[in-house]
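Chemist: Have a look at this one.
The values are calculated or read from the model by the stated rules, or taken from the named source; none is laboratory data. Quick caveat: nothing in here was measured; it's all calculated off a predicted structure. In this analysis, Cβ positions are derived from the backbone assuming ideal geometry, glycine residues included, and neighbour counts consider all displayed protein chains. We work out accessible area using only protein heavy atoms, side chains counted, and drop any ligands, DNA or RNA first. Shrake-Rupley method; radii C 1.70, N 1.55, O 1.52, S 1.80 Å.
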There are 2 protein chains.
Amino acid sequence: MSTTTELTPNGVDVAQLVQTVEAISADPSLAAFRFRARNTWLGGARSRTAIQGFWGAGAEDTSRSEPFLLEGDEPPVLLGDNHAPNAVEIVLHALASCLAVGLAYNAAARGIELRALEIDVEGELDLHGFLGLADDVRPGYSGVQVTCRVDGDAPDDQIAELCDHVERTSPVLDILRHPVAVTLVRD
Amino acid sequence: MSTTTELTPNGVDVAQLVQTVEAISADPSLAAFRFRARNTWLGGARSRTAIQGFWGAGAEDTSRSEPFLLEGDEPPVLLGDNHAPNAVEIVLHALASCLAVGLAYNAAARGIELRALEIDVEGELDLHGFLGLADDVRPGYSGVQVTCRVDGDAPDDQIAELCDHVERTSPVLDILRHPVAVTLVRD
């Protein structure tokens, strides 16, 4: 008989995951998502982003009764007040949390129970770019290193295959590794 | 006579900004920064990232006595529990907060007082990539649109030049628009 653990390995509802895949296979338009954020500047380096609704699975999502409010700031050495991490640190958080979701979901789909998962991310950045001091120095990360510690109930080759799959399908990893067309307009 | 407002337009300490630029011009190695994050999986789609120290300006930064703790999760339609925004929404937050800092700092350097600044960001994503349902669909954003409302004490052409400069020098915009080399290892 199935146990609760088997139905939701890693806390993931595999039945819902299968239903989602089947629904998108039947109607590919359900896979179209559109995420949104609104940022308000608070003075200095500090700003606050509100994130609530999005379009996805063929409808406007209404599951969040309140917006998530996230802040950005800079440390004093970068002229801020340390109210929050800075924007490039937030990118590292986005990447790590994306990999965590991908590992948990795809492990569940493979029947692999994860005992623990820890992801370290580091990125190097040369401030010449942001400060406009050198045209040949990019403003963003010159490189990012990710170290994953995956403790799962599966042989090493299955863990390796899981990691390879997540590396191919992680949205934020793809956003970092490959160009995204970004348009900016002033309103 | 200078007023406090003139010394810190937009809440930005311009004297410190000038000092930073001069220090890096004198010793380019001070521009090398290395940011870090550690993510711990909490079950399901939920994880928590700790961000505290970093290397920069020739030293390990010790200005933060406690780590920032940021969470990631998914909404129910993506099998999560809505404890936090998801990873690709966090990318939008990173982009918007980066542009806000860039606009505030560079406006201050130009002597432009900002009255208000609001930035909307939207991104489209096709779930076929993340779910591994189509090899020809990228997992990440197919496109991102940014709308900036900049209310500043300057003629429109100066605001336009400010925005163009920030578009060229924003670290997170660069990270999205151009490939970043990301290495993944298992430990």
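Chemist: Could you tell me how many cubic angstrom of Cα convex hull volume chain B has per residue? Don't skip to the end; give the middle numbers.
Modeler: Details: hull volume 34.1 nm³, N = 187.
Roughly 183 Å³ of hull volume per residue.
Chemist: If you roll a 1.4 angstrom probe over the protein chains with everything in place, what fraction of the accessible area of the range A:1-109 belongs to carbon and sulfur, to the nearest %?
Modeler: Details: 2390 of 4380 Å².
Carbon with sulfur: 55 percent of the solvent-accessible area.
Chemist: Here's another thing I want to ask about it. Compute, for the range A:85-187, the length of the dipole vector about the Cα centre, with Cβ point charges of +1 (Lys, Arg) and -1 (Asp, Glu) only. Units Debye, rounded to 20.
Modeler: Working: 7 positive and 18 negative charges, 73 e Å.
So the dipole magnitude of the range A:85-187 works out to roughly 340 debye.
Chemist: Helix-derived [θ] at 222 nm for the protein assembly as shown: sum -39500 (n - 2.57) over DSSP H runs of at least 4, divide by residue count, nearest 500?
Modeler: That comes out to -10500 deg cm²/dmol.
Chemist: Using the Cα centre of the range B:94-142 as the reference point, and only Cβ charges (+1 on K/R, -1 on D/E), how large is the resulting charge dipole? Debye, rounded to the nearest 20. Before the final figure, lay out each step's value.
Modeler: On the way: 3 positive and 8 negative charges, 77 e Å.
Result for the range B:94-142 is approximately 360 debye, rounded to the nearest 20.
Chemist: Related question: What are the semi-axes of the equivalent ellipsoid for the protein assembly as shown, taken as the square roots of 5 times the Cα gyration tensor eigenvalues, largest first, in whole Å? Walk me through the numbers before you get to the answer.
Modeler: Values: eigenvalues 277, 99, 59 Å².
Each semi-axis is the square root of five times an eigenvalue, giving 37, 22, 17 Å.
Chemist: Additional query: Once you average over the residues of B:113-123, how many Cβ atoms of partner chains fall within 10 Å of each Cβ?
Modeler: On the way: counts 0, 2, 1, 2, 6, 6, 9, 6, 9, 7, 10.
Partner-chain Cβ atoms within 10 Å, mean over residues of B:113-123: 5.
Chemist: Would you tell me the mean number of C-beta atoms belonging to other protein chains that fall within 10 Å of each C-beta in A:67-74, as a whole number?
Modeler: Details: counts 1, 10, 1, 10, 4, 8, 3, 3.
Shielding by partners across A:67-74 averages 5.
Chemist: Whole number in Å², please: accessible area per residue of the range A:14-164, 1.4 Å probe, ligands, DNA and RNA not counted. Walk me through the numbers on the way to the answer.
Modeler: Details: 5800 Å² over 151 residues.
Per-residue value: 38 Å².
Chemist: Still on this model: With chain B treated as a Gaussian network of Cα nodes joined by springs under 10 Å, which of B:A37, B:A134, B:A109 yields the largest mean-square fluctuation?
Modeler: The residue with the greatest mean-square fluctuation here is B:A134.
Chemist: Take peptide B:99-110, look around each residue's Cβ out to 10 angstrom, count Cβ atoms belonging to other protein chains, and average those counts. Kindly include the intermediate steps, with their values, before the conclusion.
Modeler: Details: counts 5, 12, 14, 5, 2, 8, 8, 3, 0, 2, 2, 0.
Counting Cβ atoms of other protein chains within 10 Å of each residue's Cβ and averaging gives 5.
Chemist: Roughly how many nanometres apart are two label points built 7 Å out from the Cα toward the Cβ at B:H178 and B:S142?
Modeler: So the two model labels end up 2.7 nm from each other.
Chemist: Sticking with this structure for a sec: In 10 Å bins starting at zero, report the fraction of Cα pairs in the range B:85-187 per bin as a rounded %.
Modeler: Cα pair-distance distribution for the range B:85-187, in percent: 13, 38, 28, 14, 6, 0.
Chemist: Strictly greater than 13 Å: what percent of every Cα pair in the range B:114-165 meets that? Spell out each step's value before the answer.
Modeler: Numbers: 898 of 1326 pairs.
For the range B:114-165, the share of Cα pairs beyond 13 Å comes to 68 percent.
Chemist: Relative contact order for chain A using alpha-carbon pairs under 8 Å, separation at least 6, rounded to a whole percent?
Modeler: Working: 248 pairs, mean separation 28.5, N = 187.
Reported as a whole number, the value is 15 percent.
Chemist: Normalised by the residues of the range A:96-177, what does the relative contact order come to in percent, with Cα pairs under 8 Å and at least six apart?
Modeler: For the range A:96-177, the relative contact order is 36 percent.
Chemist: Whole-Å semi-axes of the range B:5-69's equivalent ellipsoid, largest first, each the root of 5 times a Cα gyration tensor eigenvalue?
Modeler: After scaling each eigenvalue by five and taking roots: 32, 17, 9 Å.
Chemist: Hey, rough spin-label estimate for A:H83 and B:R149, points 7 angstrom out along Cα→Cβ, what's it come to in nanometres?
Modeler: Each label point lies 7 Å from its Cα, and together they span 1.9 nm.
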